[in-house]
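To start, the structure under review is shown below, and the notes come after it.
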Amino acid sequence: MSSLTEALVLEALKTVQDPELHKDLVSLGMVEQVSVRGDRVAVRINLTTPACPLKERIAEDVRSALEPLGAAEVEVHFGAQVRGPQNPPLPGIKHIVAVASGKGGVGKSTVAANLAVALAQEGARVGLLDADIYGPSQAQMFGVQGEKLRVDEQKRMVPLERHGVKLISMANIVPAGQAMVWRGPILHGAVRQFLQEVAWGELDYLVVDLPPGTGDVQLSLSQLTQLSGGVIVTTPQEVACIDAERALDMFRRTQVEVLGIVENMSFFEQNGQRTYIFGQGGGRRMAERHRTAFLGEIPLALSVREAGDGGIPVVAGHPSSAEAEAFRQVARNLAGRLSVKTQLLLPMA
């Protein structure tokens, strides 16, 4: 049997494909380091996102490829570097993802908040822009209501930070309860300021919580920057899906790729029994009709509501709960979709 060498290990790793990108780890430039000591091998894989949904599968495939070489022990370590498009949407920001619903009351802001925190927990640099100008709720959900934004030396707004997420919301600019009686041009200016006059710093993902409907804010966002894609939030019931399909159509009319659909309040579970209060499978059927990804389903749970009202998203406040794991899985699926999209747009190495 031949002695193990780094060259042999690298050659074997050319047979291991990234399950989403469908190219081998070596040609993708994901093998960052190989160390061989006798029959022990350590490999460091640099993932395209820290929220990779198939990390364990990659590790198993690496071990399976190296064991026939005589490797008695294989250690697989992971790093991550989110890859953005060649022309980033804003300086320092790799991906901007808009979360829309087409109507209120389906938990869009709750989904946006928990997606942002989940991505941050995985190790990504994340910002959250509360673009629901008329009804901002992210300040409440992150426990920063009443806190005012400050500006830096360049007169840029400085985001608040909670749970690893940088946050900008109109609720931290105007007094609590004050109505925003603004027409389209003023809304356009507010969105522009939130994008271009904020010290966001370096971000892997900027999540934008859109207002309900398909109006001025949505149009302004698509005109002012290049979105990596949109996420549609719906509940299972057909009435909600009808409105969600309008939001989906809005993205497509403005040349924004729909990255997938999240079904919120999918079921209520008690003592192991599921009750489908709002019907069953509406979000998945919608994804199939429009040939887009179904990112996952979120259960209806008291803890999600309590966490939002209490200022700590459930992913942060109850990380071991089933609903927190559901949000994390949706975040991983979303990050995976963005990795695939980016790889398709980048030139071959």
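The values are calculated or read from the model by the stated rules, or taken from the named source; none is laboratory data. Here the structure is a predicted model, which means the values were calculated and not measured. Positions of Cβ are generated from backbone atoms using ideal geometry, with glycine treated the same way; all protein chains shown enter the neighbour counts. Heads up: the accessible areas ignore ligands, DNA and RNA and are worked out on the full protein's heavy atoms, side chains in. Shrake-Rupley method; radii C 1.70, N 1.55, O 1.52, S 1.80 Å.
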If you go through region 205-216 one residue at a time, do you hit one that is at pLDDT 95 or above, open to solvent by 40 Å² or more (accessible area, probe 1.4 Å) and part of a loop (DSSP other than H, G, I, E, B)?
no
Can you tell me which residue in region 71-97 is most open to solvent (accessible area, probe 1.4 Å), limited to those that are of a type in the set (A, V, I, L, M) and in a loop (DSSP other than H, G, I, E, B)?
A72
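Quick grid of which residues meet (1) on the phi > 0 side of the Ramachandran plot; (2) in contact (Cβ under 8 Å) with a residue 24 or more places away in the chain:
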position	(1), (2)
Q154	no, yes
I168	no, yes
G177	yes, no
A190	no, yes
F194	no, yes
G201	yes, yes
L206	no, yes
Looking only at residues in region 217-230 that are over 9 Å from H188 (Cα atoms) and surrounded by 19 or more Cβ atoms within 10 Å (Cβ to Cβ), which one is modelled with the lowest pLDDT?
Q218
Please determine whether any residue of region 169-189 is in contact with a Pro (Cβ under 7 Å, 6 or more places away or on another chain), farther than 28 Å from D249 by Cβ and either of a type in the set (A, V, I, L, M) or open to solvent by less than 50 Å² (accessible area, probe 1.4 Å) (or both).
yes
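For every residue, the table says whether it meets (1) part of a helix (DSSP H, G or I); (2) in contact with a His (Cβ under 7 Å, 6 or more places away or on another chain); (3) open to solvent by less than 30 Å² (accessible area, probe 1.4 Å).
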site	(1), (2), (3)
V99	no, no, yes
G104	no, no, no
I133	no, no, yes
P136	no, no, no
Q140	yes, no, no
G143	no, no, no
G146	no, no, no
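Going through E257, E263, E306 one at a time, which residue ends up being touching a Gly at 6+ places or on another chain (Cβ under 7 Å), surrounded by fewer than 16 Cβ atoms within 10 Å (Cβ to Cβ) and of a type outside the set (V, I, T)?
Numbers: E263 fails: surrounded by fewer than 16 Cβ atoms within 10 Å (Cβ to Cβ); E306 fails: touching a Gly at 6+ places or on another chain (Cβ under 7 Å).
Step by step, each of E257, E263, E306 is checked, and only E257 is touching a Gly at 6+ places or on another chain (Cβ under 7 Å), surrounded by fewer than 16 Cβ atoms within 10 Å (Cβ to Cβ) and of a type outside the set (V, I, T).
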Residue check, E161 free of Cβ contacts under 8 Å to residues at least 60 places away in the same chain and either among the hydroxyl-bearing types (S, T, Y) or not in a loop (DSSP other than H, G, I, E, B) (or both):
yes
Yes or no: I58 in a helix (DSSP H, G or I) and either out of contact with any Ser or Thr (no Cβ under 8 Å at 6 or more places or on another chain) or surrounded by fewer than 19 Cβ atoms within 10 Å (Cβ to Cβ) (or both)?
yes
If a residue must be surrounded by fewer than 23 Cβ atoms within 10 Å (Cβ to Cβ) and in contact (Cβ under 8 Å) with a residue 40 or more places away in the chain, how many such residues does region 320-335 contain?
5
